[in-house]
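Trainee: Before I ask anything, here is the structure I am working with.
The values are calculated or read from the model by the stated rules, or taken from the named source; none is laboratory data. These figures come from a predicted structure and were not determined experimentally. Reconstructed Cβ throughout: ideal geometry from the backbone, glycine too, with neighbour counts over all protein chains shown. Note: areas computed on protein heavy atoms with side chains; ligands, DNA, RNA excluded. Shrake-Rupley method; radii C 1.70, N 1.55, O 1.52, S 1.80 Å.
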Amino acid sequence: PHNAPEQLTLTIMMLLGSLVWGNVIATFCGVMATLSPNATEFRCTMDALNRFMAAQDIPSEMQRRIREYFHQTKHLQDTTDRRALLEKMSPALAGEVALRCNQKWLGRVWFLQNAGEDFVVQIALQLQAVVFAIGEVASNGFLYIIRRGLALYGGRVITSGKVWGEDMILQSEWPVRGVCARATTYLEVFTLSRPQ
């Protein structure tokens, strides 16, 4: 206890040991934080959303609905990521991959069943993912393919894999059904417009 050089040496060794241990813990935390980039991006999005809603003084009930919508649609980031990956591929390869990923959905559209493969590939590349909140109406003029959720359409409940709006290809308006679908749950659909 009365040897100052030993005390100084031990103090320096403890400081160096704590720095090394702190570095190990920081590295571990960094690895864990970047383990899921989508989860990290979602947390950043929710932080930005919370700041936006606080700055705009949005009522608490509306804030709850907005947060619920963002939680229900967080998997759409996967769709965005897939589209970005397709854009980095050659056109032929991107078309082949898009067709492979969307074949089960597109196979349920009656007018695409006997269409040429090149045409179906172009359709697969044009599909857009959209999520409707509970009670929202999906307007006419689009082809809709349900990926997840339930909707009321023409007095019946339609579920995952069902298609409606095939009449969007018609130029004349009189045979087009004037019925819109209403989401009864969060409804994730692929959409396609006539110009697309």
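Trainee: Which semi-axes, in whole Å and largest first, does the equivalent ellipsoid of the stretch 43-196 have when worked out from the alpha carbon gyration tensor as the square roots of 5 times its eigenvalues?
Mentor: Numbers: eigenvalues 178, 100, 30 Å².
Listed largest to smallest, the semi-axes of the stretch 43-196 are 30, 22, 12 Å.
Trainee: Still on this structure, please answer the following. Mind pulling the angle between the C-alpha long axis of helix 60-72 and the longest principal axis of the chain? Nearest 10 degrees, somewhere in 0 to 90.
Mentor: Around 80 degrees separate the two axes.
Trainee: Here's a follow-up. Using helices alone, what [θ] at 222 nm do you get for the chain, with -39,500 (n - 2.57) per DSSP H run of 4 or more residues, divided over all residues and rounded to the nearest 500? Present the calculation step by step, with values, prior to reporting the outcome.
Mentor: Working: 6 runs with 100 residues, N = 196.
Computed ellipticity for the chain at 222 nm equals -17000 deg cm²/dmol.
Trainee: Also, I was wondering about something else. Rolling a 1.4 Å sphere over the protein heavy atoms, what is the accessible area per residue of the stretch 1-114, to the nearest Å²? Each step should come with its number before you reach the end.
Mentor: Working: 8860 Å² over 114 residues.
Heavy-atom SASA per residue in the stretch 1-114 reads 78 Å².
Trainee: Helix 37-55 sits at what angle to the longest principal axis of the chain, using alpha carbons and giving 0 to 90 degrees rounded to 10?
Mentor: Orientation of helix 37-55: about 80 degrees from the principal axis.
Trainee: Roughly speaking, what is the stretch gain from Cys101 to Lys88, that is 0.36 nm per residue apart minus the C-alpha to C-alpha distance, in nm to one decimal?
Mentor: Numbers: separation 13, 0.36 × 13 = 4.68 nm, distance 1.63 nm.
Roughly 3.0 nm would be gained on extension.
Trainee: Using a 1.4 angstrom probe on the protein heavy atoms only, line up Arg67, Arg100, Arg156 by accessible area, largest first. Working shown, then result.
Mentor: Details: Arg67 80, Arg100 175, Arg156 125 Å².
Of Arg67, Arg100, Arg156, the descending order of accessible area is Arg100, Arg156, Arg67.
Trainee: Give the calculated FRET efficiency between Arg51 and His2 to the nearest 0.05, with a Förster radius of 45 Å applied to their Cβ-Cβ distance.
Mentor: Values: r = 58 Å, r/R0 = 1.29.
Result of the calculation: an efficiency of 0.20.
Trainee: Between helix 4-33 and the chain, what is the angle of the helix's C-alpha long axis to the longest principal axis, kept within 0 to 90° and rounded to the nearest 10?
Mentor: Between the helix axis and the principal axis of the chain, the angle is about 0 degrees.
Trainee: Considering only protein heavy atoms and a probe of 1.4 Å, how much of the accessible area of the stretch 16-67 is carbon and sulfur, as a whole percent?
Mentor: Details: 2730 of 4020 Å².
Taking all protein chains in place, the stretch 16-67 shows 68 percent carbon and sulfur surface.
Trainee: How much of the calculated P(r) for the stretch 10-129 lies past 23 Å, in percent of all Cα pairs?
Mentor: On the way: 4327 of 7140 pairs.
Cα-Cα pairs of the stretch 10-129 separated by over 23 Å account for 61 percent.
Trainee: Work out, step by step, the length gained on full extension between Ala133 and Ala26: first 0.36 nm times the residue separation, then minus their alpha carbon distance; give nm to one decimal.
Mentor: On the way: separation 107, 0.36 × 107 = 38.52 nm, distance 4.05 nm.
Additional length available on full extension: 34.5 nm.
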